[in-house]
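Worksheet: the structure to be examined is printed underneath.
The values are calculated or read from the model by the stated rules, or taken from the named source; none is laboratory data. These numbers were taken from a predicted model, which means no experiment stands behind them. So basically every Cβ, Gly included, is an ideal-geometry build from the backbone, and we count neighbours across all protein chains shown. All accessible areas refer to the heavy atoms of the entire protein, side chains included, with ligands and DNA or RNA removed. Shrake-Rupley method; radii C 1.70, N 1.55, O 1.52, S 1.80 Å.
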Amino acid sequence: ERMAAERMAAERMAAERHSYEALEEGSLYALSEESLSMMAGGDRMVAERRAYEASRTEEEKAAFGRMLHHTMDLWYAHSAITVVLLTQLPDELPAGFDQSRTYDTRGWTTFERCSAELAKSYQLQVAKWKLVIDVADEGGCSQRRLPTTPARMAQLLAGCRFTNGADSATVLALYAQTATAVLGTVEKLSYQGLPLVRGDPWCSPSRLAEALNYCQRLRHLVLRGSRLGDDEVEELVAGLEGGALPALEALHLGANRFAARGTGACCALLRRGVAPQLQHLSLSFMPTLGDESAAALAAALATGSLPHKLAVDVSFCSLADEGAKAIAAALPLAGPSCNIICWFNQFGLAGQSAMLAALDAKHGPAFAHGTKVMSLFTFPF
């Protein structure tokens, strides 16, 4: 009986320790006193919280409430803050610690990581470091995830462990508030170099589209070098809702792998009202874009339904004479300020002449038009 009593006491102490460890993640002040009192050691924790709150001034209480509900997410989600993830348990743990409660199975750490990945670019282009760093990763960074929408977060939290079931609803409500505010106000996102792979649970084109549907103020989106083929572009386009990206001005899709089908999907996206303010569409540095892609672009230009100030950059692609002439024939039918930039393609004098004549006719003669149609065959070397 004595041994049984000692074992029960040890189990009770371990349960209290686990409960308190979980509360240190942030839920101590998110839970109601009723929820706390139902936990192991709950009466003690309720008394501690009351004593602590009684020691604070009204100004301190107001500041704490403002932090919990309005600014706590800033430290994780701000686009200019580098976040370091401690995802691995230390080698030495307290006796009785539940090692199955890993970083990825905890609700609050899931909230913190997903918040950190909402509005951060893949990497800093000048400093070159990643903005989300996992110290347990041998390469010194982490596998980057695309932004998690509130609906996705609900699925993640359903598989996470909480000290009390009420925590899940608390964390989800806080995350929905954070995600909506952050994604709804971010103005620039760059995933340059981040592969977007169909079927990837964290970095698929469809997952990106889900997040972009929240981006009401996004002005610049960079997906350069993201390994987008025709299938990936179609998946991305299919996931964007009508009227999405209302403030987008520049979309960089260069250095990818798609061709005519992907080009047609991009144009169809613009024709159905997505990104109505778009002014710059970059399809440059793609040798996969040839005359068939030019024909798809020309067909869209000829409808006159693309954004009226749109400039399309198809420089350093594989357009030949037929593709250049197709675009030149469609340009007069496009919006009044539509423009084409096609440096260093593979068309010859016929293609150059057609493009130059179309640009001059639409916008008036200008020396700059000659540079826009400069071909790989312009120079003898």
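Between amide H atoms placed 1.01 Å from N, distances below 5 Å from Leu85 occur with Ile133, Asp134, Val135, all of them 5 or more places distant or on a separate chain.
Between the amide H of Ser190 and those of Ser121, Tyr122, Val222, distances stay under 5 Å, these residues lying 5 or more places away or on another chain, with hydrogens modeled in the peptide plane. Taking every C-alpha pair closer than 8 Å and separated by at least 6 residues, the mean separation divided by the residue count of region 167-297 gives a relative contact order of 22 percent.
Which entries of Lys120/Lys309; Lys188/Lys325; Lys325/Lys372; Lys61/Lys120 show an alpha-carbon separation above 24 angstrom in the structure shown? Going by Cα-Cα distance, Lys120/Lys309; Lys188/Lys325; Lys61/Lys120 fall outside the 24 Å limit.
Amide H contacts of Cys215 (H built 1.01 Å from N, in plane; Pro and chain starts excluded): Leu245 sit under 5 Å, all sequence-distant by 5 or more or on other chains.
Relative to one another, the C-alpha centroids of region 229-271 and region 166-197 are positioned 21 Å apart.
The accessible surface of region 164-316, taken with every protein chain in place and a 1.4 Å probe, is 53 percent carbon and sulfur.
All other residues whose Cβ lies under 11 angstrom from that of Ser293 are scored, Lys and Arg at +1 and Asp and Glu at -1, for a net of -2. With both labels modelled 7 Å from their Cα along Cα-to-Cβ, the Glu59 to Ala47 distance reads 3.2 nm. Applying 0.36 nm per residue to the separation of Arg227 and Arg257 and subtracting their alpha-carbon distance, the gain on full extension is 10.2 nm. The order of Lys188, Lys120 by accessible area, most exposed first and with a 1.4 Å probe, is Lys188, Lys120. Rounded to two decimals, the Cα radius of gyration of region 251-381 over 2.2 N^0.38 Å is 0.95. Measuring with a 1.4 angstrom probe and ignoring ligands and nucleic acids, Asp360 comes out at about 50 Å² accessible.
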